[in-house]
Each structure stands twice: as structure tokens, then as C-alpha cells.
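Working notes, structure below.
The values are calculated or read from the model by the stated rules, or taken from the named source; none is laboratory data. What you see is a predicted model; the values in this text were computed from it and never measured. Because the Cβ atoms are built from the backbone with ideal geometry, glycine has one as well, and the counts that use them run over all protein chains shown.
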Amino acid sequence: MSFWPMIKILPVKTNFRFVDFALYAGALSLVLTLVSLALVLLPFKPPCAGLTCGIDFKGGTVLEFTTTPKQVDLPAVRKVLGEKNLGEVGIQAFGDGTGAMVRFQNPAGRDANAVKSDIRVSLEQALGQVKFTNDATVGAKVSSELFTSGILALLVAIALMLVYIWFRFELQFGLGAVVALFHDVILTFGLIAFTKMEFSLTTIAAILTIIGYSMNDTVVVFDRLRENLRKYKKMPLREVIDLSINETLSRTIITGLTAVMALAGLAVFGGEALFGFSVIMMFGIALGTYSSIYVAAPVILMWGVKRGEEEATPITFGAASRP
């Protein structure tokens, strides 16, 4: 067997029978989707139900400051904020390390402006010369609007993907892609709920990026599938699907591993602020690869496709699973 010249562990050609396991993978995906929905929706109460809302979605205060020319003493900042009993606190350095942003929840029953003034004085005492460049308070109403807008952005992105695939391929391809996208998004939300990661605007950005990656991977498979349907008009659909996935498999693995390695470095060296984003992205990339093979393609298998002027011929999973 010949191998790629630079990546010896990946064979040039594979012949895996993915369709044979479509029924089992579909059952697994269904169970995981239902579990994820339960984790996300229960208990059903605002603003984020089962998700751990960040300051973006439940209100709080953001302070930005610089200590030029000195580097910000982040341990001292953490100590100051930790003594204030502020609840959830986020600290992030930026620029050349002489600037920082802190986020915190306003304690119940205390005036937000008084809390900010107290923290400003404490930071100046702990750090010396401090220049505050920005501060903002996010109220509950604004947080609710941000949450609604974020979820709406996800739904609009998925709807636009359906329209794109519909026009580029056929309706059944679009439905397969959208089912895969919903699968990826719901399971990603399930991961966030299960691990109690902070759900914030950064998380929304990560999920939107996952949607784009998953769609890109699905389009690559669909494009090869459409090409092979024209090339092998008499070949059974299940075999054409297997052939198309195998022909794009090495490209998918190389692309995915490259992205995961970059994100792994970001998770290790990017600090607390980027750790959750990186983990979500790595999970989403793996999930996008899986869903292209075992969610999007099986929808095509069940629905059937047109070959030339012939009508679409649906195939049941039972028939597809027979060797």
C-alpha cells in the first residue's frame, strides 16, 4: 500500500464501509441530542435555563484600565476582587500586558456606581498608578436582549446555510446539512451545560464558527457525492456514499487535525479567557466531521437523490445496512 509522502500514518486510499454503521450512529446521535436538550433546558427558568450564564447574559460591570509602563500584576488584581465578594469574576490582560479588563457581577442590594468606585480605589492602592479607560454596566434587560439576539443569530445562520445548499445542490442535500448543523449545535450546547462552562458572547462566536466549519466539511462531502452520482449512475446509492466519504476522508482528517493542534496551543497558552472557546471549538470540529459522515449523509440515503432525469429513490436504513 502506498502512503502520503509527508503523513505516513494516513493511507492514500481507504475503503471503510461507513453506511453499514449508520443505524447505530443515528441511534447514538439521537440519544445524545435528547440528553443535551435536557441539560440545556432544565430547569426551565430565565435567563439561560440549564446553561451557566456569563455576565453578558445576566448583567454585571466591566472595567478596563492600564498601568503603563508597568505590567499589570494580575495576582494582585485577583486578590482585590476576591476580597469584595462579587460572585463571578473575570480578569483578562490585553495589549502588551500593561492593560487589563475585569468583569464582575454587582452584589445584590448594592449600588453599582458605589461598587465601581470602591473597586477603583482598591485597585489604585494595590497597583499604584492606574488609568481607567472604560467602564460599562450591563443591566438585566440588556442581557436578556443580548441572549435573544445571540440565539437568533444562530438560527439565522442555519437558515441561510439551508438556502445556500438548496440552491447549490438539491433540497435533500440542504435538509441533510441542516439536520447535521442542528445536531452539532445542540450537542455543543450540551457540552457547555454539562461542563458548566460560562455561556457568553464568546461562546456564541465559537458556535457560529463551528457552524461554518461543519458546513464547509459537509459541502466537501456533498460535492464529491454529486460528482460520483453522475459518474457511477448504476452504482447503489449506499456504495456511492461510502466511496465519496472515503475519497474525502484524508482531506477531512488533515484539515481537522491542523485546526485542533492550533486550538490546543491556544487552550494551553491563551489563558483562562480563551480556554473555554478553544475547548468548544475542538469539540465542534470533531463533531462536524462526525456529523458530515453519520448525520448529513444518512439523510441523503433515506431521502434518495435524482440521477439525471430519474426520480429520487429513497432507501431505508435496513436496506442500506445489508452487506
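Conditions (1) among the charged types (D, E, K, R); (2) more than 30 Å from ILE241 (Cβ to Cβ); (3) modelled with pLDDT of 80 or more, marked per residue:
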site	(1), (2), (3)
ILE7	no, no, no
LEU10	no, no, no
LEU23	no, no, yes
ALA38	no, yes, yes
ILE55	no, yes, no
LYS58	yes, yes, no
THR67	no, yes, yes
PHE104	no, yes, yes
Picking from ALA114, ALA153, the residue that is part of a helix (DSSP H, G or I), surrounded by fewer than 19 Cβ atoms within 10 Å (Cβ to Cβ), of a type in the set (A, V, I, L, M, F, W, C) and more than 16 Å from the chain's Cα centre (by Cα) would be ALA114
Note on the range 270-287: residues assigned to a loop (DSSP other than H, G, I, E, B) and either free of Cβ contacts under 8 Å to residues at least 24 places away in the same chain or basic (Lys, Arg) (or both) are GLY270
Counted residues in the range 170-209 being surrounded by fewer than 17 Cβ atoms within 10 Å (Cβ to Cβ), within 12 Å of the chain's Cα centre (by Cα) and among the polar types (S, T, N, Q) come to 2
- Message: Suppose the filter is closer than 30 Å to PHE269 by Cβ, at pLDDT 80 or above and of a type in the set (Gly, Ala, Ser); does GLY128 pass it?
- Response: yes
Pairs returned, first residue in the range 231-255 that is at negative phi and among the hydroxyl-bearing types (Ser, Thr, Tyr), second residue that is at pLDDT below 90 and not in a helix (DSSP H, G or I), beta-carbon separation under 8 angstrom, 6 or more apart or interchain, are SER250/TRP4; SER250/LEU10; SER250/PRO11; SER250/VAL12; SER250/THR14
- prompt: Looking at this structure, is VAL102 outside any helix (DSSP H, G or I) and under 13 Å from VAL62 (Cβ atoms)?
  reply: yes
Do we have ALA319 as modelled with pLDDT under 70 and either among the hydroxyl-bearing types (Ser, Thr, Tyr) or within 29 Å of ILE241 (Cβ to Cβ) (or both) here? yes
Log entry, pairs with first residue in the range 40-58 being under 26 Å from ALA136 (Cβ atoms), second being among the hydroxyl-bearing types (Ser, Thr, Tyr), beta carbons closer than 6 Å, six or more apart or on different chains, reads PRO47/SER144; GLY54/SER200; ASP56/SER200; PHE57/SER143; LYS58/SER143
Of (1) in the same structural domain as SER200 (by TED's automatic domain parsing); (2) among the charged types (D, E, K, R); (3) farther than 30 Å from GLU227 by Cα, ARG120 satisfies every one except (1)
By residue number, the members of the range 143-190 that are of a type in the set (Val, Ile, Thr) and under 19 Å from TYR290 (Cβ atoms) are ILE158, ILE165, VAL178, VAL179, VAL185, ILE186, THR188
By residue number, the members of the range 54-103 that are hydroxyl-bearing (Ser, Thr, Tyr) and in contact with a helix residue (DSSP H, G or I) (Cβ under 7 Å, 6 or more places away or on another chain) are THR61, THR67
Tell me yes or no: at least one residue of the range 226-247 is touching a Phe, Trp or Tyr at 6+ places or on another chain (Cβ under 8 Å), at pLDDT below 90 and part of a helix (DSSP H, G or I). yes
